Each structure stands twice: as C-alpha cells, then as structure tokens.
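Peer 1: One structure coming up, written as structure tokens, with questions to follow.
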Amino acid sequence: MAKRKTKYVCQECGYESAKWMGKCPGCNNWNTLVEEVAATGGRGNHTFNVGGKPAGKPESITSIESQKEPRITTTMQEFNRVLGGGIVLGSLVLIGGDPGIGKSTLLLQISSQLAEKQLPVLYISGEESTRQTKLRAIG
Ligand SMILES: [Zn+2]
C-alpha cells in the first residue's frame, strides 16, 4: 500500500506545514491547521491522482461520445458473448472458476488464437511449470 502523504493547511490563510502546529505562523491564529491528504491543486481541492493520469473534469453523460470499442473476436462465440462481443483492446479480463474447470485450457486456446492473429501473447502461470503448460498446449 502506498504511503499517504499528508500536510497541514491553515483554514484561515492557507499556510502549509508538514507537521501540525497549534499556532499558524502565517496568520498567528490558533488551531487553524487541518490535516489534508496531499493532492494536486490548491487549497481545498482534494483531487486524487490515480495512475499518474491527470484527473478529468466532470462531464454530462449526454455529451460523452459513445463510440464502438475495437474488439478482438475469437472463434469461441460464448467467450466473445460474455465479453460483450470480444476482447476490448487494452482491457484486463479476470477469468474465475472452480479448480479443474478448464480455465488454463481455455486461456491457452485463446492465447493460441491471438498468436495466430499475430498479436503478442505473454502467458504467465503461477501454478504450472513451463513443461506442464507446454503439455497442456499441445495436448
Ligand atoms: Zn494561517
């Protein structure tokens, strides 16, 4: 977990300090410093910066363009269907299910199809050795 950066900001004059003080050196008022999570922007602007991307401005939902996302389809219609029509580029899909239900086999088949489409595939397994994965792939 990332360490939270906090600062103390005077609610009267905006003076900022790394540690709490009873008396503000900026305006000499008492008990005006309030702990705030360090964030981009000015006083009272609690904009959290997630993933290093600049925060977006509020938008009306009716003004947002709904363009069709480009998707990669597989020959497995059911798989395409549960993903809403195929794999969305840049998306992350979490496949869950009981042990032995066929998650690894399914994902190897999908990896194979993506590789056939000349798309880069990186198959990472924390459960099976490379040999087991190979056996499953050719089996
Ligand atoms: Zn002050």
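Peer 1: Find the residue count for the stretch 121-139, including only residues that are farther than 21 Å from Pro99 by Cα and either in contact (Cβ under 8 Å) with a residue 24 or more places away in the chain or touching a Leu at 6+ places or on another chain (Cβ under 8 Å) (or both).
Peer 2: Counting residues in the stretch 121-139 that are farther than 21 Å from Pro99 by Cα and either in contact (Cβ under 8 Å) with a residue 24 or more places away in the chain or touching a Leu at 6+ places or on another chain (Cβ under 8 Å) (or both) gives 1.
Matching residues to (1) within 16 Å of the ligand (Cβ to nearest atom); (2) at pLDDT below 75:
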{"residue": "Met1", "(1), (2)": "no, yes"}
{"residue": "Thr6", "(1), (2)": "no, no"}
{"residue": "Glu12", "(1), (2)": "yes, no"}
{"residue": "Leu33", "(1), (2)": "yes, no"}
{"residue": "Gly42", "(1), (2)": "yes, yes"}
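The values are calculated or read from the model by the stated rules, or taken from the named source; none is laboratory data. Because the structure is a prediction, the values reported are computed rather than measured. Virtual Cβ from ideal backbone geometry, glycine too; neighbours counted across all protein chains shown.
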